[in-house]
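Let me begin by presenting the structure, written as structure tokens, before commenting on it.
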Amino acid sequence: MDGPPRVTEPLAAVVDRARALISPGKRTLLGIAGAPGAGKSTLVEHLAAALDGATAVVGMDGFHLANVELDRLGRRSGKGAPDTFDACGYAALLARLRVNDESVVYAPLFDRALDEPISSAVPVAREVPLVITEGNYLLLDGQGWSSLRRLLDQVWFLDLPDDVRTHRLVARHERYGMARAVAQERVRSGTDGRNAQLVQATRDRADLIVQLT
């Protein structure tokens, strides 16, 4: 069976694809999925800047469980795995954004410096036509994530060669204070490595696989 179409194109072309989804008076939800370090947040920031005023960005990472709860569950070392998020809460927020019958909906965000989510930090006004959400597990089936796919009008899977992706991910961990050897182990065979394998297995559920030039 053929998988979703795959495109390799410059950022400007991806912006045009997102712009084509904007329809005044109609709310559209676009998901950007991909493995850790694929560049999802960076792409979404570019899309939001290019489509200024027509988009709002809601990240899956805002639904990380708080560190105190991960400690209670004994899951702090597995932070980033599917069961360390409030998947049902994320789905409920996307459902509210899709219905779009409130003047404003507040979404959380994840502060990497604090390593904690911050609630009610992102206002999404009713008149915003395009909501972009990004995260690892938008296409995951099971563990509370299955309902996400039907809540999103389109999901694009951002692909990146593994050597580039893992290099970026190690560098990101180092920026936030992790020792290089620890970061490399986490990315290759630790939590990030296992999560990446899980995410890569979901890409055939996407509408489009995108690799940026």
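No value in this document is a laboratory result; all are computed from the given coordinates. Predicted, not measured: the structure shown is a model, and the values here were computed from it. As a convention, Cβ positions derive from the backbone with ideal geometry for all residues, glycine included, and neighbour counts pool all protein chains shown.
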Which percentage, to the nearest 5, of the DSSP beta bridges contained in the chain is antiparallel?
25 percent
Residues with beta-carbon under 11 Å from that of Ala206, excluding Ala206: net charge, scoring Lys, Arg +1 and Asp, Glu -1?
+1
Over the chain: helical MRE at 222 nm, DSSP H runs n ≥ 4 each giving -39500 (n - 2.57), nearest 500
-10500 deg cm²/dmol
In Å, the C-alpha Rg and Dmax of the chain are 16.7, 51
Give the whole-number value, in cubic angstrom per residue, of the convex hull volume spanned by the C-alpha atoms of region 136-213.
112 Å³
Which ³J(HN,Hα) values in Hz, rounded to whole numbers, follow from the phi angles of region 7-22 under the Karplus curve 6.51 cos²θ - 1.76 cosθ + 1.60, where θ = phi - 60° and Gly and Pro get x?
10, 10, 7, x, 4, 4, 5, 5, 4, 4, 4, 5, 4, 5, 7, 7
Projected area averaged over all directions for the convex hull of the alpha carbon atoms of region 1-103, nm², comes out at 9.4 nm²
Calculated FRET efficiency, Leu73 and His167, Cβ-Cβ r, R0 22 Å, to nearest 0.05?
0.10
How far apart, in nm, are the 7 Å Cα→Cβ label points at Ala66 and Arg150?
3.2 nm
Size of the dipole of the chain about the Cα centre, Lys and Arg at +1 and Asp and Glu at -1 on the beta carbon, nothing else charged, in debye to 20?
180 debye
What residues qualify as long-range amide H neighbours of Phe85, i.e. H under 5 Å apart, gap of 5 or more or another chain, H built at 1.01 Å from N?
Leu65
Between Ala121 and residues 5 or more places away or on another chain, which pairs have amide H atoms under 5 Å apart, with H built 1.01 Å from N, and which residues are they?
Ala107, Leu109
For Val155, enumerate residues with amide H under 5 Å from its amide H, sequence gap 5+ or separate chain, H modeled in the peptide plane.
Gly31, Asp207, Leu208
Cut-off 12 Å between beta-carbons: net charge of the residues surrounding Asp86, Lys and Arg +1, Asp and Glu -1:
-3
